Amino acid sequence: MTRSELSELIYHGENSGVEFKRDKVRPENLAKDIVALANFRGGYILLGVEDDGTISGLKREPSKVEEWVMNICRSLVYPPIIPYWEVVRNYEPDKHIGIIFLPSDCPDKPYKVKLGSYWVTYIRVGSTSREATREEEARLYQSGGLLRYDLKPVPGTSLSDLDLQRVKNYFEVFREALTPLPQKEKEWISLLENTEIMAESREQPMVTVGGFLLFGKKPHKFLPQCGITAVAYKGEEKDYEVKDEEIIRGPLVSLFDKQRNIIEAGVIDRAFEFVKRNLKVTTLKDSRREEDYLLPLEAVREIIINAVAHRDYTIYSVDIEISIFSNRLEVISPGLLPNTITVEKIKYGCRAARNELIRDILRDYGYIEARGMGIPYKVLAVLRRLEYPEPEFIEDRDGQHFIVKLFYK
């Protein structure tokens, strides 16, 4: 790090990715900040800088401080982590600053700090480090690939909570079952447990989160975060005066006939129909009235499907939001991008599924293409070919959601 880069960090003060510390801090307090930054998006700990940004400098030899930091990372952090360490010497006369850097893609989340005989998960919230809630810790396990939330059993559910007509439709039409489907309840439970739509918990068969979202009779009864709130506004911003609105609940997938025509629409197709009717425009061409849409429907459908397939379902009581404005379509999906995925990576088709069961079954239906290249091919390429404005993909770390904006011509 150059002196000018370090000066800029100090000038802007502590924030989500920067922490100031004396080098005489208690080891467990330094470990808390290391863990919190590693569990967030990485960042810097500057040793020898006071909370107000004044420079106190390292009070020990830099090599001794480095050894101390590395020992903390081995003994008080789990899994052990090796941060990047450097020293900027004589930042002020005879005052050195030690720099601990944690990268944004620390792979072994959640990291924990040893406090007494307990290992505790810490996260970064603004410029402070605090203990994670149960839900926040679950999201960290999920982002580290240690927990598949869509396979978690939903307490209180049973086979009777599934829409068996939709389940049969899935196996007959889209899985093209070669053997007769079960007739008895135990046989159904066995099939659904083997396909992860159900799972055993406390010696009872229960529906998994993914299975309930896809095929549940009333998913919102147990999973209030399962729906889509869709609103069409008259202007360019949210307002009380709306043109159309719908709260969309129910199973994600539709019911189809054998020719794969929709008999009864699920959440995905109902959301798509809402957007279609609110993007429809009528134009005159050669004295004839023609219907068209403000956006290419292929790109719109892909954005809706991605929101449903990849949102963070550990965030309770928050719907996906679809907002139609006079100049754009906006889709807000709860949760940040999974694992080490970035906005730039998704533009090039980098794949990392948060909800693997949901993704796989939506792929069986044909909602998701097998290659998983929907964003670069169905969204970016289509919009560019038709000369639409470049879309915006925004990861809002403070609001904990992901936003996609598609602009009209």
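The values are calculated or read from the model by the stated rules, or taken from the named source; none is laboratory data. The structure displayed is predicted, hence computed values, not measured ones. Note that we place each Cβ from the backbone using ideal geometry, even for glycine, and neighbour counts take in every protein chain shown.
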Could you please find all residues in segment 178-211 being part of a helix (DSSP H, G or I) and over 24 Å from GLU356 (Cβ atoms)? GLU185, LYS186, GLU187
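Scan segment 312-334 residue by residue and report those that are part of a strand (DSSP E or B) and of a type in the set (A, V, I, L, M, F, W, C).
Of everything in segment 312-334, those that are part of a strand (DSSP E or B) and of a type in the set (A, V, I, L, M, F, W, C) turn out to be ILE320, ILE322, ILE324, LEU329, VAL331, ILE332.
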I'm checking my understanding of the structure. Among residues of segment 248-271 that are surrounded by 21 or more Cβ atoms within 10 Å (Cβ to Cβ) and within 21 Å of the chain's Cα centre (by Cα), which one is farthest from ASP161 (Cα to Cα)? ALA271
Single match in ASN71, ASN15, ASN29 (criterion: out of contact with any Ser or Thr (no Cβ under 6 Å at 6 or more places or on another chain), within 27 Å of ARG139 (Cα to Cα) and either in the same structural domain as PRO93 (by TED's automatic domain parsing) or surrounded by 20 or more Cβ atoms within 10 Å (Cβ to Cβ) (or both)): ASN29
Selection count where residues are assigned to a helix (DSSP H, G or I) and either more than 24 Å from ASN169 (Cβ to Cβ) or in contact (Cβ under 8 Å) with a residue 24 or more places away in the chain (or both), scope segment 335-360: 9
Residue pairs, Cβ under 7 Å, 6 or more apart or interchain, first in segment 107-130 and over 19 Å from VAL69 (Cβ atoms), second assigned to a strand (DSSP E or B) and of a type in the set (Phe, Trp, Tyr). List them. TRP119/TYR78; ARG130/TYR122
Within segment 361-409, considering residues that are part of a helix (DSSP H, G or I) and either in contact with a strand residue (DSSP E or B) (Cβ under 6 Å, 6 or more places away or on another chain) or among the β-branched types (Val, Ile, Thr) (or both), the one surrounded by the fewest Cβ atoms within 10 Å (Cβ to Cβ): VAL382
Positions within segment 92-113 being touching a helix residue (DSSP H, G or I) at 6+ places or on another chain (Cβ under 7 Å), within 27 Å of GLU50 (Cβ to Cβ) and not in a loop (DSSP other than H, G, I, E, B), in sequence order: HIS96, ILE97, GLY98, ILE100, LEU102, VAL113
Out of the residues in segment 321-358 that are surrounded by 21 or more Cβ atoms within 10 Å (Cβ to Cβ) and out of contact with any strand residue (DSSP E or B) (no Cβ under 8 Å at 6 or more places or on another chain), state the one that is farthest from VAL209 (Cα to Cα). ARG354
Looking at segment 114-130, which of its residues are outside any strand (DSSP E or B) and either exposed (fewer than 13 other Cβ atoms within 10 Å of the Cβ) or on the phi > 0 side of the Ramachandran plot (or both)? GLY116, SER117, GLY126
Between residues in segment 383-409 that are within 17 Å of ARG301 (Cβ to Cβ) and residues that are small (Gly, Ala, Ser) and in a strand (DSSP E or B), which pairs lie under 9 Å by C-beta distance while being six or more apart or on different chains? VAL404/SER333
So how many residues does segment 131-171 have that are in a loop (DSSP other than H, G, I, E, B), under 12 Å from VAL207 (Cα atoms) and free of Cβ contacts under 8 Å to residues at least 12 places away in the same chain? 0
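Under the condition of being acidic (Asp, Glu) and more than 18 Å from PHE212 (Cα to Cα), which residue from segment 273-320 is farthest from the chain's Cα centre (by Cα)?
Residue satisfying both the conditions and the ranking: ASP286.
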